[in-house]
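A.B. asks: Here it is, the structure in full.
The values are calculated or read from the model by the stated rules, or taken from the named source; none is laboratory data. All of these numbers come straight from a predicted model, not from anything done at the bench. All Cβ positions, even for glycine, are placed from backbone atoms using ideal geometry, and neighbour counts span all protein chains on display. These area figures cover heavy atoms from the full protein model, side chains too; ligands, DNA and RNA do not enter into them. Shrake-Rupley method; radii C 1.70, N 1.55, O 1.52, S 1.80 Å.
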Amino acid sequence: MTQLLRIGVIGAGHFGRFHALKIVRSTRASLAGIHDLDTDRAARVGEEAGGAAAMDLATLFASSDAVVVAAPADAHFTLAEQALLAGRHVLVEKPLAATLAQADRLAALAAETGLVLQVGHLLRYSAEHAAIAARITRPLYIEATRIAPFKPRGTDVSVILDLMIHDLDLVLSLVDSDIESVDALGAAVSSQFEDIANARVRFVNGCVATITASRISLKTERKMRLFSEEGYCSADFVARKLTMVGREHGIPIPGTEGFMLEEVDWEDHDVLEAEHAAFAAAILDGAKVIVDAAAGRRALAAALAVGEGMAESRAKAERSGLIKA
């Protein structure tokens, strides 16, 4: 394909707008158009993105080589399936689907057609994740926290699929082992789905991850701490800083027996741009899809396991009278 990759955007909401703006700034892609059930909103985003037209779905498919699915989560499967059946490459926001059967269907379609199916687990393209993966290869314990103030956006699903799934995906990318068990608890406070959640994930190889997510906090915090024989690593995804205490890199720590301190920070690293660059490279260059359907399925399976663990904990709490049935 010698011309610019024509990418259409499905969904003109918060993330759809960002995707559209990122595409028009790409050197390898052009914005083919925008589809949204709210045609006025699609037109507004299209105008902001340089005059891209609002289109019905069939016209968008006909005008595009690939599409970004940035619609509400419950529409991800249907829209991604339609796009693949139309012969279009797909970048679908997380979660990949609502069920594992749906995820398997999309993976099979992509395999059968030879089309790129990339899942929007954005943090896989972050400098922080790359730095962690380069330093901690055998984690023993991982602690992740992702909390934020309440916003109506995203409340069509639980905080597990809205926020926690980001850290579930990161943990799964770092731990080379299957999940053995999940203990979880949470509660719905401001929406019909869980707004706060905590999960303890134990892996077959012995690694344990504790993950906390909340969308009703007073501040935004996104941190990950990792313990291993290689050392202690702490990453702050908001401040964009990483600290590593180990024996291989950094400067000696006075008064210790060979420990070294390494501190890294980033100012200019556009994660969404990196995600789009990877999508274009997979289509145009045949590069490996970094977050493919299999990765999206693993993250979804882990999120569903957390949901099941949470339901078990709630049932116990109801039986004991700790909470009302």
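A.B. asks: Classify segment 202-313 as rounded, prolate or oblate, taking a ≥ b ≥ c as the square roots of the eigenvalues of its Cα gyration tensor: rounded when a/c is under 1.5, otherwise prolate if a/b is larger than b/c and oblate if not.
C.D. replies: oblate
A.B. asks: Here's a follow-up. Could you calculate the FRET efficiency of residue 288 with residue 78 from 1/(1 + (r/R0)^6), where r is the beta carbon distance between them and R0 is 41 Å, rounded to 0.05?
C.D. replies: 0.90
A.B. asks: At 0.36 nm per residue, and after removing the present C-alpha to C-alpha distance, how many nm does the segment from residue 25 to residue 40 gain when stretched out fully?
C.D. replies: Difference between extended and current length: 3.1 nm.
A.B. asks: Explain nothing, just the number: dipole magnitude of segment 75-182 about its Cα centre with +1 on each Lys and Arg Cβ and -1 on each Asp and Glu Cβ, in debye rounded to the nearest 20.
C.D. replies: Once rounded to the nearest 20, the dipole reads 340 debye.
A.B. asks: I've got another one for you. For a test of the definition: using alpha carbon positions, the gyration tensor, and the 1.5 limit on a/c, classify segment 1-83 as rounded, prolate or oblate.
C.D. replies: It comes out oblate by the Cα gyration axes.
A.B. asks: Normalised by the number of residues in segment 144-194, what is the relative contact order in percent for Cα pairs under 8 Å and 6+ residues apart?
C.D. replies: Relative contact order comes out at 47 percent.
A.B. asks: Still on this structure: Using Cα springs under 10 Å in a Gaussian network model of the chain, which residue among 98, 315, 281 shows the largest mean-square fluctuation?
C.D. replies: Of 98, 315, 281, the most mobile in the Gaussian network model is 315.
A.B. asks: Calculate, for residue 85 and residue 270, the FRET efficiency according to 1/(1 + (r/R0)^6) with r their C-beta to C-beta distance and R0 25 Å; round to the nearest 0.05.
C.D. replies: Using R0 = 25 Å, I get an efficiency of 0.20.
A.B. asks: How much length would be gained if the chain were fully extended between residue 18 and residue 56, taking 0.36 nm per residue of separation minus their Cα-Cα distance, in nm to one decimal?
C.D. replies: 11.7 nm
A.B. asks: Would you work out which of 238, 133, 121 lies farthest towards the positive end of the dipole of segment 110-241? Charges go on Cβ: Lys and Arg +1, Asp and Glu -1.
C.D. replies: Final value for the positive-end residue is 238.
A.B. asks: From Cα pairs below 8 angstrom and at least 6 apart in sequence, can you work out the relative contact order of segment 52-145, rounded to a whole percent?
C.D. replies: After rounding, I find 23 percent.
A.B. asks: Additional query: How far, in nm, would the chain grow between residue 176 and residue 143 when pulled straight, counting 0.36 nm per residue and subtracting the alpha carbon separation?
C.D. replies: 10.2 nm
A.B. asks: Still on this structure, please answer the following. Can you pull the percent of the chain's accessible area that's carbon plus sulfur, 1.4 Å probe, other chains left in place?
C.D. replies: Reported share for carbon and sulfur atoms: 53 percent.
A.B. asks: What's the FRET efficiency of residue 315 with residue 3 using the Cβ-Cβ distance as r and R₀ = 45 Å, to the nearest 0.05?
C.D. replies: 0.20
A.B. asks: Given Cα pairs under 8 Å that are at least 6 residues apart, what percent is the relative contact order of segment 1-160?
C.D. replies: So the answer I get is 17 percent.
A.B. asks: Could I ask something else about it? At 1.4 Å probe size, with every protein chain present, just tell me what the per residue accessible area of segment 1-122 comes to in Å².
C.D. replies: Here the residues of segment 1-122 average 43 Å² of exposed surface.
A.B. asks: Might you report the magnitude of the Cβ-based charge dipole of the chain about its Cα centre, with Lys and Arg at +1 and Asp and Glu at -1, to the nearest 20 debye? Walk me through the numbers before you get to the answer.
C.D. replies: Details: 33 positive and 43 negative charges, 82 e Å.
I would put it at about 400 debye.
A.B. asks: Could you tell me the center-to-center distance, by alpha carbons, between segment 128-200 and segment 26-86 in angstrom?
C.D. replies: 29 Å
A.B. asks: Could you tell me how many degrees, from 0 to 90 and to the nearest 10, lie between the Cα long axis of helix 76-85 and the main elongation axis, the longest principal axis, of the Cα atoms of the chain?
C.D. replies: 50 degrees
A.B. asks: Tell me whether segment 1-154 comes out rounded, prolate or oblate; compute the Cα gyration tensor, take square roots of the eigenvalues as a ≥ b ≥ c, and use a/c under 1.5 as the rounded threshold.
C.D. replies: In terms of gyration-tensor shape, prolate.
A.B. asks: Choose one answer from 162, 285, 36: the residue with the largest mean-square fluctuation in a GNM of the chain with alpha-carbon springs under 10 Å.
C.D. replies: Highest fluctuation of the listed residues: 285.
A.B. asks: For the chain, give me the percentage of DSSP beta bridges that are antiparallel, rounded to the nearest 5 percent.
C.D. replies: 60 percent
A.B. asks: As I understand it, the dipole of the chain uses +1 on the Cβ of Lys and Arg and -1 on the Cβ of Asp and Glu, about the Cα centre. Which of 197, 64, 20 lies farthest toward its positive end?
C.D. replies: Farthest along the dipole direction, towards plus: 197.
A.B. asks: Now a separate question. Using only protein heavy atoms and a 1.4 Å probe, report how much of residue 15 is accessible, in Å² to the nearest 10.
C.D. replies: Ignoring ligands and nucleic acids, residue 15 comes out at about 90 Å².
A.B. asks: A further question on this structure: Dipole size in debye (nearest 20) for segment 30-85 around its Cα centre, Lys and Arg Cβ +1, Asp and Glu Cβ -1?
C.D. replies: Result for segment 30-85 is approximately 80 debye, rounded to the nearest 20.
A.B. asks: Keeping all protein chains in place, calculate the accessible area per residue for segment 181-245 (probe 1.4 angstrom), answer in Å².
C.D. replies: Accessible area per residue: 48 Å².
A.B. asks: A further question on this structure: Using a Gaussian network model of the chain with C-alpha springs under 10 Å, which one of 292, 40, 156 is most mobile by mean-square fluctuation?
C.D. replies: In the Gaussian network model the winner is 40.
A.B. asks: Nearest 5 percent is fine: what portion of the DSSP beta bridges confined to segment 119-223 is antiparallel? Each step should come with its number before you reach the end.
C.D. replies: Values: 18 of 25 bridges.
Counting DSSP beta bridges with both partners in segment 119-223, the antiparallel share is about 70 percent.
A.B. asks: In whole Hz, with x marking every Gly and Pro, tabulate ³J(HN,Hα) for segment 19-26 from phi via Karplus 6.51 cos²θ - 1.76 cosθ + 1.60, θ = phi - 60°.
C.D. replies: 4, 4, 5, 5, 5, 5, 8, 6
A.B. asks: I'd like the distance between the alpha-carbon centres of segment 204-283 and segment 94-117, rounded to an integer number of Å.
C.D. replies: With segment 204-283 and segment 94-117 each reduced to a Cα centre, they are spaced 30 Å.
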